[in-house]
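**Student:** Would you mind keeping the following structure in view while I ask a few things?
What follows draws every value from the coordinates through simple rules; no lab data is involved. These numbers come from a predicted model, not from an experiment. All Cβ positions, even for glycine, are placed from backbone atoms using ideal geometry, and neighbour counts span all protein chains on display.
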Amino acid sequence: MSDSCLHRSDESHWLREANNELSDSEEEDARRQMSDFDQDDGGASRFRCNTTVRLEKLKNQQKEASETKIVKWKNPLGSAAQGSPFKPRRIPETLVTRSRLTDLLENAKTQEKQPFEEFKKFDGKVQQGVPSKKIQIYVPGNRGFPINVCVTNHATVRDLIGLTCYLWVNESDYDGPIPDPEKLELCLADDDGSPELDFPPWEKTEAVTRFSFNTFAVSERKHVK
């Protein structure tokens with residue numbers, strides 16, 4: 001090999017080494033500059049990063065708000081029922097049906113009482129403040145328990161018998177036939193409640209104020225002599 005060739009070969013080798021050393025030096029300078037930049041501008045970088053995150057979060061909130069539908073509540077009951085949370089409910093009226101038999105029985109009972117209603121006005125317990133007499137009267141079929149009658153003083157024997165029938169039928173457990181006051185007589189009573197047949201019955205027109213006794217018995221006329 002000639003000397004000129006050796007000389008060019010050495011020159012090429014030297015150039016390659018110089019380029020390598022230059023590249024290593026430039027790379028080191030670049031790294032140093034990058035490190036200094038990070039140290040000097042670290043706060044600004046973090047600020048830009050935080051700002052980006054907040055902007056992204058705000059953008060997401062606006063997107064969610066645009067997708068949310070707001071519905072205004074309205075009272076389905078109207079303004080008249082706003083004071084109560086409950087809807088008024090109309091209760092249907094219950095029709096009470098009565099059988100014809102019930103009506104007939106009540107009418108019959110009313111008709112049975114009508115003959116004695118006229119004597120109720122002689123009841124001294126009803127006529128407050130009116131002078132009256134308290135009398136015990138035994139009735140047929142129940143001689144052991146007399147009926148306590150409070151009769152007004154202006155009543156007659158007939159009125160007393162009628163009032164006794166009214167109390168007998170309506171205010172006791174009597175379940176027999178309806179008595180007829182015109183067929184009954186007022187007599188003095190024995191100790192057992194039976195009519196005293198040794199004395200005549202009282203006249204129907206006599207006033208009760210003439211009584212000197214307060215215990216009597218009512219009997220049917222056929223049983224009185």
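**Student:** Simple spin-label model, 7 Å along Cα-to-Cβ: Asn142 to Val126 in nm?
**Tutor:** Simple spin-label model gives 1.8 nm for this pair.
**Student:** If you don't mind, there's one more thing I want to ask. For the range 122-184, which trypsin sites (Lys or Arg not before Pro) pass both filters: DSSP loop (anything but H, G, I, E, B) and at most 16 other C-beta atoms within 10 Å? Don't jump to the answer; show the numbers that get you there.
**Tutor:** Values: sites: Lys125, Lys133, Lys134, Arg143, Arg158, Lys183; in loops: Lys125.
Those satisfying the criteria are Lys125.
**Student:** Here is a follow-up. Obtain the nm distance between the two label points defined at Cys150 and Asp175 by a simple spin-label model: each point lies 7 Å from its Cα along the Cα-to-C-beta direction.
**Tutor:** Rounded to a tenth, the inter-label distance reads 3.0 nm.
**Student:** May I pose another question? Could you calculate the FRET efficiency of Gln61 with Arg89 from 1/(1 + (r/R0)^6), where r is the beta carbon distance between them and R0 is 45 Å, rounded to 0.05?
**Tutor:** Details: r = 46 Å, r/R0 = 1.03.
Approximately 0.45, to the nearest 0.05.
**Student:** Output the peptides 192-200, 57-65 sorted from most to least packed, where packing is the average of other Cβ atoms within 10 Å over each peptide's residues. Display every interim value, and only then the final one.
**Tutor:** On the way: 192-200: 14.1, 57-65: 9.7.
Sorting 192-200, 57-65 by mean packing, highest first, produces 192-200, 57-65.
**Student:** Using 7 Å Cα-to-Cβ label points, what is the Glu182/Ser194 separation (nm, one decimal)?
**Tutor:** Each label point is offset 7 Å from its Cα along the Cβ direction, giving 3.0 nm.
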